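Step one of this worksheet: look at the structure below.
Values in this text are rule-based calculations from the coordinates and carry no lab data. What you see is a predicted model, and the numbers here were worked out from it, not measured in a lab. In this analysis, Cβ positions are derived from the backbone assuming ideal geometry, glycine residues included, and neighbour counts consider all displayed protein chains.
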Amino acid sequence: MRDQAEKLREKLKQGGTQMGKTIAVVSGKGGVGKSNVSINTSLLLTKMGKKVLLFDFDIGMGNVQVLLGESAPKSISDYIYSDITLEDIICQGPYSLSYIAAGNGFYEIVELNEEVLERLLCDLEKIQNLYDYIIFDMGAGASHSNLHVLLSVDDIFVVTTPEPTSITDAYSMMKYITLLDESHNFYILCNRADIEREGIDTIERLQAVMNKFLNKELAGTGVLLEDSHVRKAVLRQKPFLLEFPNAHISHELTRFVNGYLGKTETDTVNKSRFISKLRHLFKKGRT
């Protein structure tokens, strides 16, 4: 852990102006496979040669380290309540994937004094220079504690299932975010569909209501069929992409990620906007 922190500090000294792209993975409700999507998407990007930081933002109920079969010695709570830097809590996972474990007290960030808040934002800005992608595995729903991040990231992956309640919650999530900031790009993944047609129908229903009520198109879509390999991987505490690389779900998630990269790799968006937007929203929330 100490060796890794030292390496990160050396990279920080070298500087660099390229900011990593930020992605939030969300769901309208729990139990739809959001963390599995976050972890395996992160690993796919690392296998493609990208430098990725996976930030477990599932407040008080984070399970990224569990699904990775890892034990993180420190979490974001240690950072908030101790005099350490953000790079001190970054852990190393499979395929050189970097990750930050969740902490029970992260929701209290909006109550922190200005000095501690500014320290976090400054550290996030430094860390963003080190990665091609920072992926936030968000808690289910649009709680007060994660809304600022959702409104600041470049892209949002929304994970749903064909269940009516999951579809409704996914739409409510996208509607809420769009009403606050209509510029966001949504990428929909329908998980746990029994057949391809069921997943496509789910996505078409969401696209229809987005068009009708929000006048907004989905930026990208994907369908992940119900696959017993996922449960086996979870029981073994291994990402399905690594444990079962030839499983259907591994191929389908790869197709989705490749589609996303094909649309966004040449983006000319100012990626430094993440920190500036986050800083503005946090300060606005404290006034």
The stretch 131-287 - charge dipole about Cα centre, Lys and Arg +1 at Cβ, Asp and Glu -1, debye rounded to 20: 740
Fully extended contour minus Cα-Cα distance, from GLN207 to GLU118, at 0.36 nm per residue: 28.2 nm
Which order do HIS229, HIS280 fall in if you start with the one that has the fewest other Cβ atoms within 10 Å? HIS280, HIS229
Of the listed pairs LYS216/LYS284; LYS51/LYS277; LYS175/LYS263; LYS212/LYS283; LYS34/LYS212; LYS50/LYS212, which have alpha-carbon separations greater than 32 Å here? LYS212/LYS283; LYS50/LYS212
For the stretch 140-287, what does the relative contact order come out to in percent, with C-alpha contacts under 8 Å and a separation of six or more? 23
Rounded to the nearest 0.05, what FRET efficiency do GLU182 and LEU225 give with R0 = 35 Å and r taken as the Cβ-Cβ distance? Could you check? 0.60
Where the centroid of each part is defined by its Cα atoms, how far is the stretch 38-72 from the stretch 161-212 in Å? 23
For LEU261 and THR168, what is the calculated FRET efficiency with R₀ set at 25 Å and r taken between the beta-carbons, to the nearest 0.05? 0.25
Sequence of TYR81, TYR131, TYR95 once ranked by neighbouring C-beta atoms within 10 Å, starting from the fewest: TYR81, TYR95, TYR131
Honestly the stretch 150-190 on the Cα gyration tensor test (a ≥ b ≥ c root eigenvalues; a/c under 1.5 rounded, otherwise a/b vs b/c for prolate or oblate) is just oblate
So for LEU43, LEU189, fewest C-beta neighbours within 10 Å to most, what's the order? LEU43, LEU189
